[in-house]
Amino acid sequence: MSQSDDVILLVENEVITRNAFADALRREGHQVIEAEDGAQALSLFEKSHFDLVITDLIMPRINGFELTAEIRRKSPHMPIILISAFLSEEGGRIISGGSAEFLHKPVDSADLIASVQRLLPRT
């Protein structure tokens with residue numbers, strides 16, 4: 001495990017899934033700030049610096065697409081990974097229009113880590 005200065009905002013309303021993703025990312029040395037929905041994530045995003053956002057698609061209050069649009073407005077080059085069980089990988093790519101990487105649930109932690117490593121190249 002290498003220590004990283006990368007800070008990841010993890011947005012997932014399912015506690016078990018959020019904990020599993022956060023644990024996997026922390027084992028890889030990433031700092032992870034967790035949010036349970038898009039509204040909480042936006043509040044955190046406005047107060048802190050993040051290097052990457054990982055968000056579920058279907059959430060209460062503000063969904064993953066709305067969150068992605070708002071983050072893009074504030075930070076156009078922020079790497080974002082959208083996750084959902086409700087779309088195929090192809091559907092997710094089409095709907096996100098290239099504004100985010102898409103992973104289909106259930107997400108294997110190795111696939112999540114690979115996407116994070118691709119979007120956050122090590123210096």
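The values are calculated or read from the model by the stated rules, or taken from the named source; none is laboratory data. Worth saying up front: this structure is predicted, and the values here are computed from it rather than measured. Here the Cβ is made from the backbone with ideal geometry for all residues, glycine too, and neighbour counts use every protein chain on show. To get the accessible areas, we keep the full protein, side chains included, count just its heavy atoms, and leave off ligands, DNA and RNA. Shrake-Rupley method; radii C 1.70, N 1.55, O 1.52, S 1.80 Å.
Just checking, which of GLY29, GLY38 is open to solvent by less than 10 Å² (accessible area, probe 1.4 Å) and in contact with a Leu (Cβ under 6 Å, 6 or more places away or on another chain)?
From the options GLY29, GLY38, the qualifying one is GLY38.
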Problem set entry | Residue within region 109-122 that is basic (Lys, Arg), within 15 Å of ILE8 (Cα to Cα), out of contact with any Leu (no Cβ under 8 Å at 6 or more places or on another chain) and modelled with pLDDT under 95 present | yes
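What about ALA24, is it in a helix (DSSP H, G or I), modelled with pLDDT of 95 or more and within 20 Å of ASP6 (Cα to Cα)?
Numbers: in a helix (DSSP H, G or I): yes; modelled with pLDDT of 95 or more: yes; within 20 Å of ASP6 (Cα to Cα): yes.
Judged against the criteria, ALA24 is a match.
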Flagged pairs (Cβ under 6 angstrom, 6 or more apart or on separate chains; first in region 18-42, free of Cβ contacts under 8 Å to residues at least 24 places away in the same chain; second outside any strand (DSSP E or B) and crowded, with 18+ Cβ neighbours inside 10 Å) are ARG18/GLU12; ALA39/ILE62
Scanning region 41-63 for residues that are open to solvent by less than 30 Å² (accessible area, probe 1.4 Å) and hydrophobic (A, V, I, L, M, F, W, C) gives ALA41, LEU42, PHE45, PHE50, LEU52, VAL53, ILE54, LEU57, MET59
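If you go through region 54-66 one residue at a time, do you hit one that is in a strand (DSSP E or B) and of a type outside the set (Val, Ile, Thr)?
Pass one, region 54-66, residues in a strand (DSSP E or B): 54-56.
Subset that is of a type outside the set (Val, Ile, Thr): 56.
Yes, region 54-66 contains a residue that is in a strand (DSSP E or B) and of a type outside the set (Val, Ile, Thr).
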